[in-house]
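Reading through the structure tokens given below for one structure.
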């Protein structure tokens, strides 16, 4: 992987990790276009830049994450992450198979996009605007919605948890913020497990040259994710989710067309 490829992939990850447009779909599509083969190092690289993107949430919301007096936030996140951990462990084979099916991912992209077109009208009069008002049962329900993104690659973890939050009467802003908070334990656990699996089977991936590429990707992903989160919160408060819905639909359709002609070639 060249430095240019690493930077482009890191930018894609930083932008898409927390927007409801599926970072998984974008990464699966970007790698072939950039001629990046799936290797132990490319898998490790995706894990590292994902961790860097997650770190941006901790930095932006550091006051809340390190407010040890607010033990309830930690409890809510633990409750919300449990369904994803269980589903991920039980259905790993299904998940791996779905991740390799680009047609399936494209269809899920389109379906999720259609849902985002109507989400603002589906959930009206949402009045929970403070994290302390989120009950433990509501946290668990949001966590259950998060499992949909595991079962349906291309749906987007962010989209699933935001929809889950709004279904529990959270405002757009709080639904997005809680989605970011929940990403930290969820994606950290998944990333650490994936990192261990890759390194255990291929310890040679951490040679000196690869470390430089990993550091470059991590820095770029972290900075871009910071900007993406700030943009997203401001945008959805004013305009809602329709733009992201149309984007998903268009991208999904383009993917289907490319897959069709590629297979026919």
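The numbers here are math on the coordinates, done by the rules we state, and not lab data. Since we're looking at a predicted model, the values are computed, not measured. Cβ atoms come from the backbone with ideal geometry, glycine included; neighbour counts cover every protein chain shown.
Shown here is the pair-distance distribution of segment 14-148: with all Cα-Cα distances grouped in 10 Å bins from zero up to the longest one, the shares run 9, 29, 39, 19, 4 percent. Two decimals is fine: what is log10 I(q)/I(0) at q = 0.09 Å⁻¹ for the chain, from a Debye sum with one equal scatterer on every Cα and no solvent? Relative scattering, expressed as log10 I(q)/I(0), comes to -0.39. Taking the longest Cα principal axis of the chain as reference, the axis of helix 23-33 is set at about 20 degrees. One decimal place: the segment residue 75-residue 235 gains 54.7 nm when fully extended, by the rule 0.36 nm per residue minus the C-alpha distance. Taking 112, 245, 88 as the candidate residues, the one with maximal mean-square fluctuation in a Gaussian network model of the chain, Cα springs under 10 Å, is 88. Starting from the Cα gyration tensor of segment 166-222, take the square roots of the eigenvalues, sort them a ≥ b ≥ c, and report rounded, prolate or oblate (rounded when a/c is under 1.5, otherwise prolate if a/b is larger than b/c, else oblate). Because a/c hits 1.5 or more and a/b fails to exceed b/c, segment 166-222 counts as oblate. Taking 0.692 mPa s as the viscosity and 37 °C as the temperature, the Stokes-Einstein diffusion coefficient of segment 40-106 based on its alpha-carbon Kirkwood radius rounds to 220 µm²/s. Please identify which residues in segment 53-93 have an amide N closer than 12 Å to a label point set 7 Å out from the Cα of residue 195, following the Cα→Cβ vector. Backbone N within reach: 53-55.
Under the definition of Cα pairs under 8 Å and six or more residues apart, what whole-number percent is the relative contact order of the chain? The normalised contact order for the chain reaches 38 percent. Comparing 113, 240, 154 in a Gaussian network model of the chain (Cα springs below 10 Å), the most mobile by mean-square fluctuation is 240. Using a/c under 1.5 as the rounded threshold, could you call segment 1-68 rounded, prolate or oblate? The axes a ≥ b ≥ c are square roots of the C-alpha gyration tensor eigenvalues, and prolate needs a/b larger than b/c, oblate otherwise. In terms of gyration-tensor shape, prolate. Over segment 1-140, Cα pairs under 8 Å with separation of 6+ residues give a relative contact order of 26 percent. Across segment 84-213, counting alpha-carbon atoms alone, Rg and Dmax equal 17.2, 55 Å.
Taking 89, 25, 176 as the candidate residues, the one with maximal mean-square fluctuation in a Gaussian network model of the chain, Cα springs under 10 Å, is 89. Placing a pseudo-label 7 Å from each Cα along the Cα-to-Cβ vector at residue 118 and residue 257 gives an inter-label distance of 2.6 nm.
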